[in-house]
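Beneath this line is the structure, given in structure tokens, with notes to follow.
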């Protein structure tokens, strides 16, 4: 079953499973317990801490384990706000942050007297450091949140430049690296990041664990109180097995980075995917700028920086130093595309019928697809947002997955082929007003009904979406 | 032979759960879809009140899981807001009494969803309505107390050909028993009766929050001012309560004149009407409504009265029903006059008038005017 939804959740890496199994089979022990079993569990946790720290250039002692990326973002935003006096609770977030950041900031506004400004992004979803600088209120701004790379469109952010601005204003920088953690260049030290959020399952570890990496000297108030684990910043018994899986996944991601899997392999696969989709739908539009690709064919919207095209973001510079995150370093496995005239919901249903997994805009609690705040912040209209599909590749993706996805998209597009001129541009296939057309009358006599099902009909039907 | 591919509209209630289960039992290739029709934040939702709460979506998802069928949630809140909620408010503001359920079926749940299902290659749409489709015609459901044919009158042959209503031959107790037999978690779920987007049932309050106060006069048929009101949209024909006037005998709303801000009241006997005119009238066989005898129903569970059907318009060019796939806001339909065998009380413009021949639904339309003995009462 072709799985192209790594940005939602990556399949468990074999290394992670192998690290978890012994801890699940062994008698349960609390890593805080002072007996042999407890020490063994504690050892597994501390190994994981080292592995996670190594992935993002931090010291093991900086890693605070949480229940996931969302809790890490919440701890960073709320925990920082609560250290500040009421007049110094100003927040600046990029408009394309994950809801874990934006909604935590909204809580701080509503319940902790904070005020929040959103830093605008350009058409590709990138923060302009100059425009962000204008929002800073030196001495009052507590925290600036700019993610490493966006989860919906893959665009990388100028984190190091923003960190410098934040520090000048006396604020700390939160970098949500949940998507980008496995990439070259995401580095606590080089980028000047004070707080960095991670999620295990995006790296191929289990769900239910993540981390907030806290630069030494950064003040933070805990949100979860109890046994005082994680230096008092996050109480609760540590899930040793899950953390072992997280650590193993981080180590495997780091190994992939060194072998070039994360950049070269993924961006090559993505090139195949894009080429296949373009052949099927020449009118497709790419959202955002998820970074360069080896072949040079990937030039988002025709507007990307030509100087970046064809260059793979390097891990190290000529002197062997880690390079800071640059705007070029987007997510190499992510492709957000709009198929004009086709509702993402409809495409996803048809792809699902072929066993192909991918995503539309952000999903809300009820499971419905609602227009993404990221695409809207990029200036895309709500129709474009509703016609956007996100494909995301990762550690176990293969050329066969990509080929199967392209085939399924071709079949889906055939079913959904819009009749010329009859397309409802609001993306509403259901209740167009006065936009009906003869093509919309697909229930005309002669079409096989349920009484005479035609096995080829699904692929052969060329219904007008009508209104 | 390949099983027909059907899309089942799953609200999360017991009826659509059982409809999905029966579709699976029939051997059809079933896909479930739940329509998210409102954007009410989760913490403001009350379970069992209105539709489209998170709990309803969860119930539908769990039932789909029990049945082993794929399940999706489609956000049609925008369409619902425009076609149903805004229309509901505008109708009241215009002095009419709308039927939002008929409107929702017409624009979103049945006709709209069917068009989308067909566009996705499905053979048919399955819903949990209590009505029957046989030989391409629409009939009342077997359970007279639950019959929902009234809200489906606008369907034509193009829709009926691709609509499957598995509950049409069942009674409500049979449906609940089926749900229990199959272990569906919705088996004992309570009914919802309210207008789903007015969960507290206070339509007048809902309208007032939307429009603000629009004070005006309560007058009798001679134009004498009897009192004052906060907004004509708070009144509907036949209403007795909330008039705020003192009179020796009960007074009823005879008509609402929103332009003048006037609510006209009178004696109960004055509510009786003998002639009704329908607009946007369509027939379930897709042909123009023909002159003849029928029974008309004016409320979802009201009584029926015999009538003579008199079509008033020539057949519009291009067929009587207009384009079905595109679903314009108000589908072109004809006007017909209904001459009632006996007077009927309190019929409000905006209500649906549905024509029956026995159990067969002939068609119907929206009440535009009513009159008694040639005197136009409401327009």
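The values are calculated or read from the model by the stated rules, or taken from the named source; none is laboratory data. Here the structure is a predicted model, which is why all the values come from computation and not from measurement. Glycine gets a Cβ as well: all are built from the backbone with ideal geometry, and neighbour counts include every protein chain shown.
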Practice problem: Determine if segment A:39-52 includes at least one residue that is surrounded by fewer than 24 Cβ atoms within 10 Å (Cβ to Cβ) and in a loop (DSSP other than H, G, I, E, B). | Solution: no
Self-check item: Meets criteria (surrounded by 22 or more Cβ atoms within 10 Å (Cβ to Cβ) and either within 30 Å of residue A:16 (Cα to Cα) or in contact (Cβ under 8 Å) with a residue 24 or more places away in the chain (or both)) for residue A:114
Solution: yes
Quiz item: Restricting the search to segment B:132-151, which residues are in contact with a strand residue (DSSP E or B) (Cβ under 6 Å, 6 or more places away or on another chain) and farther than 18 Å from residue B:287 by Cβ?
Solution: B:132, B:141, B:147, B:148, B:149, B:150
Quiz item: Checking residue A:394 against (1) at pLDDT below 90; (2) assigned to a loop (DSSP other than H, G, I, E, B), which single condition isn't satisfied?
Solution: (1)
Exercise. Counting only residues that are within 30 Å of residue A:410 (Cα to Cα) and within 14 Å of chain A (Cβ to nearest Cβ), give me the strands (runs of 3 or more DSSP E) lying completely in segment B:78-147 with at least 1 of them.
Key: B:124-126
Quiz item: Any chance segment B:181-198 includes a residue that's in a strand (DSSP E or B) and either at pLDDT below 95 or not assigned by TED's automatic domain parsing to the domain that holds residue B:282 (or both)?
Solution: no
Quiz item: Right, residue B:173: modelled with pLDDT of 90 or more, within 14 Å of chain A (Cβ to nearest Cβ) and either over 16 Å from residue B:268 (Cα atoms) or not in a loop (DSSP other than H, G, I, E, B) (or both) or not?
Solution: no
Quiz prompt | Candidates A:123, A:131, filtered to the one that is touching a residue at least 12 places away in the same chain (Cβ under 8 Å) and assigned to a loop (DSSP other than H, G, I, E, B) | solution = A:123
Self-check item: Members of segment B:321-346 that are crowded, with 24+ Cβ neighbours inside 10 Å and either in contact with a helix residue (DSSP H, G or I) (Cβ under 8 Å, 6 or more places away or on another chain) or at pLDDT below 50 (or both)
Solution: B:321, B:324, B:325, B:326, B:327
Quiz item: For segment A:71-101, what are the residues that are closer than 27 Å to residue A:379 by Cβ and touching a helix residue (DSSP H, G or I) at 6+ places or on another chain (Cβ under 6 Å)?
Solution: A:73, A:77, A:91, A:93, A:95, A:96, A:100, A:101
Exercise. Could you identify the single residue in B:210, B:181 that is in contact with a helix residue (DSSP H, G or I) (Cβ under 6 Å, 6 or more places away or on another chain), within 26 Å of residue B:11 (Cβ to Cβ) and surrounded by fewer than 16 Cβ atoms within 10 Å (Cβ to Cβ)?
Key: B:210
Quiz item: With B:30, B:69, B:18 as the choices, which residue is more than 8 Å from chain A (Cβ to nearest Cβ), touching a helix residue (DSSP H, G or I) at 6+ places or on another chain (Cβ under 9 Å), at pLDDT 95 or above and assigned to a loop (DSSP other than H, G, I, E, B)?
Solution: B:69
Practice problem: Would you point out the residue of segment A:359-391, among those that are surrounded by fewer than 22 Cβ atoms within 10 Å (Cβ to Cβ), part of a loop (DSSP other than H, G, I, E, B) and at pLDDT 85 or above, that is nearest to the other protein chains (Cβ to nearest Cβ)? | Solution: A:381
Quiz prompt | Filtered residue count, segment A:149-197, keeping only those that are closer than 23 Å to residue A:123 by Cα, free of Cβ contacts under 8 Å to residues at least 40 places away in the same chain and part of a strand (DSSP E or B) | solution = 1
Quiz item: Within segment B:167-176, can one find any residue that is touching a residue at least 12 places away in the same chain (Cβ under 8 Å) and in contact with a strand residue (DSSP E or B) (Cβ under 7 Å, 6 or more places away or on another chain)?
Solution: yes
Quiz item: Being farther than 19 Å from residue A:177 by Cβ, in contact (Cβ under 8 Å) with a residue 40 or more places away in the chain and part of a loop (DSSP other than H, G, I, E, B), is that true of even one residue in segment A:89-108?
Solution: yes
Quiz item: Do we find a residue being within 25 Å of residue B:152 (Cα to Cα), outside any helix (DSSP H, G or I) and either at pLDDT 85 or above or within 11 Å of chain A (Cβ to nearest Cβ) (or both) anywhere in segment B:53-65?
Solution: yes
Exercise. Using the structure shown, decide if residue B:40 is crowded, with 24+ Cβ neighbours inside 10 Å and either more than 10 Å from chain A (Cβ to nearest Cβ) or modelled with pLDDT under 85 (or both).
Key: no
